[in-house]
Each structure stands twice: as structure tokens, then as C-alpha cells.
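Worksheet for the structure shown next.
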Amino acid sequence: MNERPVLLNTLRSLLLTTLFIALLVSTTSCAEPSAANGDTVTVDYIGLLDDGTVFDTSIAQLALDAGTYDASRNYAPLRVTLGSGNVILGFNDALVGMRAGENKTVAIPPEFAYGKWSQGKLLSTRTVRSAPRLVVVEKKGMPALEEGQRVRIQDTLWSSTVVAVGEETYTLRQDPEEGSVVQSPFGPTLVTIDGDNVTTRLLLEPGAVIQNEMGAGRVVSVNETTAVIDYNHPLAGKTLIFQLYLRSIEKAEQ
């Protein structure tokens with residue numbers, strides 16, 4: 001019996017089967033939907049500076065290893081709807097077109113991350129301010145007040161007492177608690193009464209972060225008279241490198 005034709009037929013069948021499976025896998029992979037704006041995705045990520053420093057990650061162990069672990073946050077894959085504006089533009093655009101299970105490394109320039117660093121966002125403010133304890137204000141636009149009544153003057157952090165009522169004005173005496181520390185728009189502030197004046201002194205240290213109507217600012221320097229505050233984002237002006245692993249895609253409803 002000649003076994004050679006049988007063996008050739010078997011090998012041919014195995015080869016055809018292998019090719020069919022490879023084609024099926026390839027077709028299935030290509031058929032996997034890719035992420036688009038409007039889809040909701042979950043993604044693990046590692047954010048690095050161009051010197052290799054890890055500044056953010058969704059992976060707890062990696063944060064521990066990098067020395068950036070924050071016990072107050074939840075380390076988990078990021079869930080985000082693409083195109084919603086909830087992540088920086090470069091991060092969003094890097095995810096568009098990816099498929100579930102795909103990895104990607106992308107470098108995002110400042111203009112598609114947190115913007116360029118701006119000198120205009122580096123501002124200075126006085127650390128010590130003094131104002132007369134007695135303040136005269138017009139009655140117009142104010143409710144009717146009586147002598148001895150306690151009120152709150154706009155832009156002050158303490159109460160005042162009405163000490164005189166004129167035809168068109170009220171005279172108010174500012175009554176902060178001597179030596180108290182209040183929270184001002186620029187951070188903790190020590191209040192003292194110096195004779196006829198109220199004096200405030202900002203209690204700031206370099207590196208402190210404050211939050212006011214201008215946004216979040218980091219104290220760069222402090223001296224006896226002035227504090228310099230940087231309102232640029234900490235990552236402004238930096239190229240950010242992200243290693244991405246797309247876990248899942250929920251397609252937007254059509």
C-alpha cells in the first residue's frame with residue numbers, strides 16, 4: 001500500500017485548516033470595532049514626562065513603585081466618553097481608532113495637553129495689607145441699620161459694628177478677632193488690630209497650592225511683602241508621554 005498520497009492529502013488538509021483559522025482570526029480582529037468620539041471606553045494608562053518620570057497612572061502598584069501613590073484616590077481603569085472634553089485633547093485623540101486589547105504609546109505636545117507655560121499667569125500679591133478700622137459706607141443700596149447692629153461688609157472676612165448713623169452714611173467699626181487666622185482667597189491669613197487699623201498677613205509657604213477665582217495656583221516664592229503665585233497648570237509647557245491599554249469599548253447608540 002502506498003502511503004505517500006494519503007500523507008500528502010493529510011498535510012494538505014492541515015495546511016488548509018491552518019490557513020482558514022489564520023484568516024478567520026485576522027478577519028475577526030479586523031472586524032473588532034474601533035473607538036470613536038461618542039463611544040465610552042475604559043483604559044489603563046501610564047503618564048510620563050520626557051525624562052521618564054511617572055506623573056500619573058491608573059495602576060496602583062506602578063504608582064507605589066514610582067513614589068507617586070495617593071491614598072485618597074481610586075486606582076482603576078479610566079472610564080471616559082470620547083469627545084466629551086473630560087480628558088486632554090491629545091489623550092482623547094490617541095484613543096480614537098484604537099481597538100479593545102490594543103496597546104499604544106503616544107507623545108502629546110503641550111498645545112494638545114495643558115497648554116504652553118505663560119508668563120502672564122505668574123502673578124504677585126502683597127502679603128501684608130492694612131486698612132482703617134473705621135469704614136464709612138453709603139446707605140444707598142443697604143438695608144436700614146441701627147447703631148450697635150452687627151453686619152458683614154462686602155469683601156471682608158469678619159463682622160463689623162455700626163457705630164454711627166448719618167443722613168446718608170453709616171460708620172462701621174471692623175471687629176475681627178485679634179490674632180485669628182481666617183481663610184482668604186489667597187490662603188490662611190493672620191488678622192491683627194494695630195490701633196486704628198486692621199492688618200492682615202498671608203501665611204504662605206513656597207509650594208503651597210491655593211484655589212480662588214483665578215483657579216489653582218502654586219506659591220513660587222514668599223518674602224516679607226510679596227508672594228509670587230503661578231497659575232499655570234503644573235504640566236503646562238511639557239510634552240507628555242502616555243502608554244495606553246484599551247480595555248473595552250461601549251459603542252454610542254446610533
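Read-outs: derived from the displayed coordinates by stated rules, not from any lab. Remember, predicted model here, so these are calculated numbers, not experimental data. All Cβ positions, even for glycine, are placed from backbone atoms using ideal geometry, and neighbour counts span all protein chains on display.
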ask   = If packing is taken as the mean number of other Cβ atoms within 10 Å per residue, what is the order of 36-48, 177-189, 217-229, highest first?
value = 36-48, 217-229, 177-189
query = Whole-Hz Karplus ³J(HN,Hα) for segment 175-190, in order, using 6.51 cos²θ - 1.76 cosθ + 1.60 and θ = phi - 60°, x for Gly and Pro?
reply = 10, x, 6, 4, x, 7, 10, 10, 9, 9, x, 10, x, x, 9, 7
note = Taking Cα atoms, the helix 4-31 axis meets the longest principal axis of the chain at an angle in degrees (rounded to 10) of 20
Rough spin-label spacing in nm, given labels placed 7 Å along Cα→Cβ, for Gln61 and Ala236 = 3.8
task = Collect residues whose amide H, placed 1.01 Å from N in the peptide plane, falls under 5 Å from the amide H of Arg247; neighbours closer than 5 in sequence don't count.
result = Thr42, Val43, Asp44, Gly101
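Compute the Kirkwood hydrodynamic radius of the chain, taking the inverse of the mean of 1/r over all pairs of distinct Cα atoms, and give it in Å to one decimal.
Final number for the Kirkwood radius of the chain is 24.5 Å.
What does the extension gain come out to for Trp117 and Ile193, with contour length at 0.36 nm per residue minus their alpha carbon separation? Present the calculation step by step, with values, prior to reporting the outcome.
Values: separation 76, 0.36 × 76 = 27.36 nm, distance 4.02 nm.
Difference between extended and current length: 23.3 nm.
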ask   = How large is the dipole of segment 190-254 about the Cα centre if only Lys and Arg carry +1 and Asp and Glu carry -1, each at its Cβ, rounded to the nearest 20 debye?
value = 460
query = What is the Cα centroid distance between segment 112-158 and segment 180-203, reported in whole angstrom?
reply = 12
query = From the residues Thr225, Gln154, Met214, which one has its Cα farthest along the dipole of the chain in the positive direction, the dipole being from +1 and -1 charges on Cβ of Lys/Arg and Asp/Glu about the Cα centre?
reply = Met214
message = Expected output is a single nm value to one decimal: the length gained when fully extending between Glu224 and Asn103, i.e. 0.36 nm times separation in residues minus the C-alpha distance. What is it?
response = 38.4 nm
task = Please give the per residue volume of the convex hull enclosing the alpha carbon atoms of segment 122-230, rounded to a whole number of Å³.
result = 110
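Quote the charge dipole size of the chain about the Cα centre in Debye, to the nearest 20; the model charges only the Cβ of Lys and Arg (+1) and of Asp and Glu (-1). Can you show the working numbers first?
Numbers: 21 positive and 29 negative charges, 157 e Å.
Using Cβ point charges on Lys, Arg, Asp and Glu, the chain gives about 760 debye.
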note = Interchain or sequence-distant (5+) residues whose placed amide H lies within less than 5 Å of the amide H of Ala36 are Gly97
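Given a Förster distance of 51 angstrom, what is the FRET efficiency for Arg126 paired with Glu167, based on the Cβ-Cβ distance and rounded to 0.05?
Details: r = 36 Å, r/R0 = 0.70.
Computed FRET efficiency for Arg126 and Glu167: 0.90.
If each residue of separation counts as 0.36 nm, what is the full-extension length gain between Asp70 and Glu178 once their alpha-carbon separation is subtracted? Don't jump to the answer; show the numbers that get you there.
Values: separation 108, 0.36 × 108 = 38.88 nm, distance 3.76 nm.
Gain on extension, Asp70 to Glu178, equals 35.1 nm.
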query = Which whole-Hz couplings ³J(HN,Hα) result when phi for each residue of segment 224-240 is put into the Karplus expression 6.51 cos²θ - 1.76 cosθ + 1.60, θ = phi - 60°, listed in order with x for Gly and Pro?
reply = 5, 10, 9, 10, 9, 10, 9, 8, 5, 4, x, 9, 4, x, 10, 7, 10
